[in-house]
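Beneath this line is the structure, given in structure tokens, with notes to follow.
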Amino acid sequence: MNAIWTTIIIVCFVAITVTNPNTLLSLCVESGTQAVNYTLQLVAIYALWQGVFCVAERCNLVEKLAKILKKLNTFLYGNISTAAQNYISLNMASNIVGVGNAATPSAIEAIKLMENDTTLSRGGAMLFVINACGLQLVPTTVIGMRASFSSQNPSAILLPTIVCTVATLVLGVFLVNVAYPKK
Amino acid sequence: MMSYLVPILIILLFVYASVKRVNVYDGFVGGAKQSVPTAVAVFPYLFATFLMVNALKASGVDRFIVDIISPPFALIGIPKEVLKLLLIRPFSGSGSLAILTDVYQTYGVDSYIGNCASVIMGSSETVFYVSAVYFSQTKVKRLGWAVPIALFCNLVGGVLACILCRFV
């Protein structure tokens, strides 16, 4: 990340300084403001979902969910703690019902529990790749956008999208298995 | 159909918790409290990512990159407009939504390019954003192959999307 980010920033900053030096600082401040606004939105979204999840936890529903997903989780992530399994199960469930934003806080918690070292372990890599391949099966945002652009058939893309998602997911899981073998 | 799913799940959960004599209010507030530290920890990573995306756009470097790499991608069946989406997608969700809107306006939502862009948008993820956010609270410095794997999968997804859309 360091190499990519630094290279892009240096190249772009040089290009902006040559063509339009006055805009550089305002661009930085603008990005900061954007990030602040987005963070505020995230506080609200995470608050809702962490609140809901905490209620689910106190009814022992998360444990039950983790039990159902236990086989799958052991296959994917190897031996991980029960607490991490609970968070991962929440992450999977949120992704499947299509609330990607709810998936993030549980993933952060799960990764916090799995990673104690400076080198990424199999569990963290697997959870990241599964989420970064777009586990969300039904593309609600895209279908909504197509409808608002008065498409003849907004959900025409549903089947190819699901095929694509599943294909990349399988490929991702396979590649993680190769790159981070089970211990 | 889908729009009922999440609301109903939340209602069922609260009813179930009440039946089980769990204090819903306390639980909800207790969970919600944790959102502030989580979001604040994510903030610097968001800032860095937004800065990079905005700098790419403002400097015109993004168009330059697209121009250079579009010929080889055209060979594997990816149109130039779609390539732009494929490139921005790993960095920014809002940025890629803007490109998607652009594609719909320029080519029409039901065109081949419109369909391709839709499928790519629906089946891919903001890889760099996810990696920044997910590892924001760990000591992990060396991610190994995780990010390249995710990027490669999204690229394969993009190529597959363009192939599949020929049959829609």
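Rounded to the nearest 20 debye, the dipole size of the range A:56-183 about its Cα centre is 300 debye, using +1 on the Cβ of Lys and Arg and -1 on the Cβ of Asp and Glu. Averaged over the residues of peptide A:63-69, the number of Cβ atoms from other protein chains lying within 10 Å of each residue's Cβ is 0.
Here the dipole of chain B is about 520 debye; that uses its Cα centre as origin and unit charges on the Cβ of Lys and Arg (positive) and Asp and Glu (negative). For the range B:23-41 versus the range A:1-33, the spacing of their alpha-carbon centroids is 36 Å.
The mean count of C-beta atoms from other chains within 10 Å of the C-beta of residues in B:150-163, rounded to a whole number, is 5. Each peptide among A:28-40, B:96-108 gets the average number of other Cβ atoms lying within 10 Å of its residues, and from highest to lowest they stand as B:96-108, A:28-40. Counts of other chain beta carbons within 10 angstrom of each beta carbon in peptide A:5-14 average 5. In summary, the helical segments of chain A meeting the span-like criteria, namely a full DSSP H run, a Cα extent along the axis of 24 angstrom or more and a mean Kyte-Doolittle hydropathy of at least -1.0, are A:2-19, A:23-58, A:158-179.
Rule-based calculations on the coordinates, nothing more; no lab input. Quantities reported herein were computed from a predicted structural model and do not represent experimental measurements. Here the Cβ is made from the backbone with ideal geometry for all residues, glycine too, and neighbour counts use every protein chain on show.
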